[in-house]
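Comments concern the structure below.
A short reminder: the numbers here are calculations on the coordinates, not readings from a lab. Remember, predicted model here, so these are calculated numbers, not experimental data. Here the Cβ is made from the backbone with ideal geometry for all residues, glycine too, and neighbour counts use every protein chain on show.
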Amino acid sequence: MIEIERKFLVDFKKWNPIGKGTKILQGYLSVDPERVVRVRLSGESAFLTIKGKPEGITRTELEYKIPTNEAIILIKMSLNQAIEKTRYKEKIGGFTWEIDVFEGINKGLVLAEIELKNETQKFELPAWIDKEVSNDYRYFNAWLSKNPYTKWKY
């Protein structure tokens, strides 16, 4: 599977969550530059995901559903602190935007992602988008698990 994803900072003053969102807890078993291995609890479901090295905004992504009790064990084995966030989904212009409101060690960070069919696909930016951070490694969740947003010096 190929993932083509763009990532943006959200202006929280302009964005209002729709619905209650889904709680997500995720940990990283590998953060090697060539591959990232993540385990995620999302609501009542659990997944193991392997992501390849990014090439621009494209990378290989393989995801497998796993038993929740095994995900809990794997999260406890994570390299760094687990990522906590609530994910909201909004349909805009034929696309699904995923907006993550981070909690815990990354509280204060709000990111939006959109998946595309190709790197040059056109889409409309919602009014609540601040700036693009697709190629800024600091906003990758694997980086945030080791370098929490709350500890950044601005």
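See the values below:
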| item | result |
| --- | --- |
| Estimated vicinal HN-Hα couplings, Hz - segment 14-20 in sequence order (Karplus 6.51, -1.76, 1.60; Gly, Pro = x) | 9, 10, 10, x, 9, x, 9 |
| Of LYS85/LYS153; LYS122/LYS146; LYS13/LYS51, those spanning more than 30 Å from alpha-carbon to alpha-carbon | LYS122/LYS146; LYS13/LYS51 |
| Over the chain, relative contact order from alpha-carbon pairs under 8 Å, at least 6 apart, % | 30 percent |
| Directionally averaged projected area (convex hull, Cα atoms, segment 6-71), nm² | 5.9 nm² |
| Tensor-based shape of segment 66-116 (alpha-carbon gyration tensor, a/c under 1.5 rounded, otherwise prolate or oblate) | oblate |
| Vicinal HN-Hα couplings computed from phi for segment 138-146 (Karplus, 6.51 cos²θ - 1.76 cosθ + 1.60; Hz; Gly/Pro x) | 4, 9, 6, 4, 4, 5, 5, 5, 9 |
| Residue-averaged [θ]222 nm for the chain, counting only DSSP H segments that reach four residues, each worth -39500 (n - 2.57) | -2500 deg cm²/dmol |
| Candidate aspartates and glutamates - alpha carbon under 18 Å from LYS151, same-chain residues fewer than 8 apart omitted | GLU84, GLU103, ASP136 |
| Prolate/oblate/rounded call for segment 1-135, Cα gyration tensor, a/c under 1.5 rounded | oblate |
| Straight-distance crosslink candidates among aspartates and glutamates, where the alpha carbon sits under 17 Å from LYS131 and sequence neighbours closer than 8 are dropped | GLU5, ASP11, GLU98, ASP100, GLU113, GLU115 |
| Where a label projected 7 Å from the Cα of GLU124 along Cα→Cβ would reach, residues of segment 84-107 with amide N under 19 Å | 89-99 |
| MET77-THR150 pseudo-label distance in nm [points 7 Å out on the Cα-to-Cβ vector] | 2.7 nm |
| Phi-based couplings in Hz for segment 50-59 (Karplus 6.51, -1.76, 1.60; Gly and Pro marked x) | 10, 10, x, 5, x, 10, x, 9, 10, 7 |
